[in-house]
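**Q** Let me give you the structure first, and then I'll get to my questions.
The values are calculated or read from the model by the stated rules, or taken from the named source; none is laboratory data. Bear in mind that the values here come from a model prediction, so they are computed numbers and not experimental data. When we count neighbours, we look across all protein chains shown, and the Cβ atoms used for this are built from the backbone with ideal geometry, even at glycine. Just the protein is used for accessible areas: all its heavy atoms, side chains included, with ligands, DNA and RNA removed. Shrake-Rupley method; radii C 1.70, N 1.55, O 1.52, S 1.80 Å.
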Amino acid sequence: QSISLPGNIISIGTGMFQSCKELSSVNFDPNFKTIGKSMFEGCTNLISIDLKNVQSINVSSFRSCTGLTSIVIPDSVKAIGNMAFEGCTSLSSCNLGSCLESLGCNVFKDCPLITGKMVIPATLVSISLHQSGVPTFPANLTEIEVVEGNTNFASKDGILYDKNLETVLYCPGAKTGEVTISASVGTYAFTGCHLSRITVLEGATSIGNVAFEADYQNPTLEELILPNSLESIGHNIVAGQTNLRAI
């Protein structure tokens with residue numbers, strides 16, 4: 001039901017406490033640094049956890065911890081691995097810390113975060129934005145904000161861009177209404193969004209594959225406006241948008 005982990009542990013095998021369904025309390029020594037692969041995966045009775053000074057959260061560390069309701073990523077964390085919180089179906093609150101450098105794919109898949117906004121710290125240089133079209137950010141996100149000083153990413157109107165605002169990388173899935181952008185559109189950039197109208201202004205040169213694919217359960221795009229400056233358009237850009245009436 002409970003475990004205390006000392007700070008002098010040198011290495012941790014995969015799945016150390018995987019599927020320990022009665023585990024409800026974990027205490028980390030302040031010198032404990034790394035959450036191992038699948039370390040607490042499937043620990044469904046784990047409701048909250050204090051990560052203290054942890055520096056790395058590995059692949060699938062808390063995957064399918066369905067009782068986990070909130071988690072604070074300390075500023076000591078530098079990396080969050082693939083699927084770290086995937087399937088945490090009760091997780092309603094999570095931050096990214098202020099010193100995070102790397103964020104893996106599908107980290108928040110199926111997490112019902114209710115904050116609506118996620119802040120990308122200035123230190124973050126690597127994000128695996130999608131895995132086979134599934135975004136790493138939660139589907140009910142409405143806004144992305146990039147902290148000033150980030151050297152790889154920028155945000156505008158709640159949408160994630162590359163640093164120079166030349167390419168849209170990701171639009172939050174719960175963003176609604178109409179948007180106007182003056183940039184090229186990356187692969188999967190608007191996949192699953194619930195916008196009714198998207199206008200791409202002159203100057204944009206490319207539209208990536210599956211860029212505007214619908215949420216198949218709730219397709220919303222009605223109008224797509226593209227500029228004369230386009231040089232390339234990828235495949236399946238409006239897949240599933242059955243309400244689309246004009247391009």
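**Q** In region 21-38, which residue that is under 17 Å from Ser76 (Cβ atoms) and in contact with a Ser or Thr (Cβ under 6 Å, 6 or more places away or on another chain) is least open to solvent (accessible area, probe 1.4 Å)? Steps first, answer last, please.
**A** In the first step, residues of region 21-38 are kept if they are under 17 Å from Ser76 (Cβ atoms); the result is 26-36.
Remaining after also requiring in contact with a Ser or Thr (Cβ under 6 Å, 6 or more places away or on another chain): 27, 34-35.
On the way: Asn27: 72, Thr34: 61, Ile35: 0 Å².
This residue is Ile35.
**Q** Of all residues being assigned to a loop (DSSP other than H, G, I, E, B) and open to solvent by less than 10 Å² (accessible area, probe 1.4 Å) in region 207-225, which is nearest to Ala139 (Cα to Cα)? Just the residue, please. Don't jump to the end; show me each part of the working.
**A** Here is the first cut: in region 207-225, the residues assigned to a loop (DSSP other than H, G, I, E, B) are 208-222.
If we keep only those that are open to solvent by less than 10 Å² (accessible area, probe 1.4 Å) too, we end up with 211-212, 214, 221.
Values: Ala211: 16, Phe212: 15, Ala214: 13, Leu221: 17 Å.
Result: Ala214.
**Q** Would a scan of region 76-91 turn up a residue that is touching an Asp or Glu at 6+ places or on another chain (Cβ under 9 Å) and among the polar types (S, T, N, Q)?
**A** yes
**Q** Condition (residue is outside any loop (DSSP other than H, G, I, E, B), hydroxyl-bearing (Ser, Thr, Tyr) and surrounded by 15 or more Cβ atoms within 10 Å (Cβ to Cβ)) applied to region 51-61: is it met by at least one residue? Before you say what the answer is, go through the steps one by one.
**A** In the first step, residues of region 51-61 are kept if they are outside any loop (DSSP other than H, G, I, E, B); the result is 56-57.
Then keep just the ones that are hydroxyl-bearing (Ser, Thr, Tyr); that gives 56.
From the residues that got through so far, the ones that are surrounded by 15 or more Cβ atoms within 10 Å (Cβ to Cβ) too are 56.
Looking for residues that are outside any loop (DSSP other than H, G, I, E, B), hydroxyl-bearing (Ser, Thr, Tyr) and surrounded by 15 or more Cβ atoms within 10 Å (Cβ to Cβ), one finds at least one in region 51-61, hence yes.
**Q** Quick one: Asp157 ticks every box in (1) out of contact with any Phe, Trp or Tyr (no Cβ under 6 Å at 6 or more places or on another chain); (2) open to solvent by less than 60 Å² (accessible area, probe 1.4 Å); (3) not hydroxyl-bearing (Ser, Thr, Tyr) except a single one, so which number is it?
**A** Just one mismatch for Asp157, condition (2).
**Q** Here is a further query. With the requirement that a residue be assigned to a loop (DSSP other than H, G, I, E, B) and surrounded by fewer than 20 Cβ atoms within 10 Å (Cβ to Cβ), what does region 125-142 give you?
**A** Let us first name the residues in region 125-142 that are assigned to a loop (DSSP other than H, G, I, E, B), namely 125, 128-129, 132-133, 136-142.
Result: Val125, Ser128, Leu129, Ser132, Gly133, Ala139, Asn140, Thr142.
**Q** Shifting gears a bit: Take the residues in region 98-124 that are touching an Asp or Glu at 6+ places or on another chain (Cβ under 9 Å) and closer than 21 Å to Ser38 by Cα, then tell me which one is surrounded by the fewest Cβ atoms within 10 Å (Cβ to Cβ).
**A** Across region 98-124, the extreme among qualifying residues is Asp110.
**Q** Which pairs do you get when a residue that is basic (Lys, Arg), found in region 173-196, comes within reach of a residue that is open to solvent by 40 Å² or more (accessible area, probe 1.4 Å) and not in a strand (DSSP E or B), reach meaning Cβ atoms under 6 angstrom, with the pair 6+ apart or on two chains?
**A** Lys175/Thr142
**Q** Counting only residues that are open to solvent by 50 Å² or more (accessible area, probe 1.4 Å) and part of a loop (DSSP other than H, G, I, E, B), which one in region 186-206 is nearest to Glu223 (Cα to Cα)?
**A** Taking region 186-206 as the starting set, the residues that turn out to be open to solvent by 50 Å² or more (accessible area, probe 1.4 Å) are 187-188, 197, 201-203, 205.
Subsequent filtering for residues that are part of a loop (DSSP other than H, G, I, E, B) retains 187-188, 201-203, 205.
On the way: Thr187: 19, Tyr188: 18, Leu201: 14, Glu202: 17, Gly203: 19, Thr205: 19 Å.
It comes out as Leu201.
**Q** Residues of region 25-51 being at pLDDT below 95 and farther than 20 Å from Ile80 by Cα, which ones?
**A** The answer is Ser25, and nothing else.
**Q** If I filter region 174-185 for residues that are among the basic types (Lys, Arg), part of a loop (DSSP other than H, G, I, E, B) and either open to solvent by less than 20 Å² (accessible area, probe 1.4 Å) or within 29 Å of Pro112 (Cα to Cα) (or both), do I get at least one hit?
**A** Yes, there is a match, as at least one residue in region 174-185 is among the basic types (Lys, Arg), part of a loop (DSSP other than H, G, I, E, B) and either open to solvent by less than 20 Å² (accessible area, probe 1.4 Å) or within 29 Å of Pro112 (Cα to Cα) (or both).
**Q** Restricting region 160-173 to residues that are under 13 Å from the mean Cα position of the chain (by Cα) and of a type outside the set (Phe, Trp, Tyr), which is surrounded by the most Cβ atoms within 10 Å (Cβ to Cβ)?
**A** Selected residue: Cys171.
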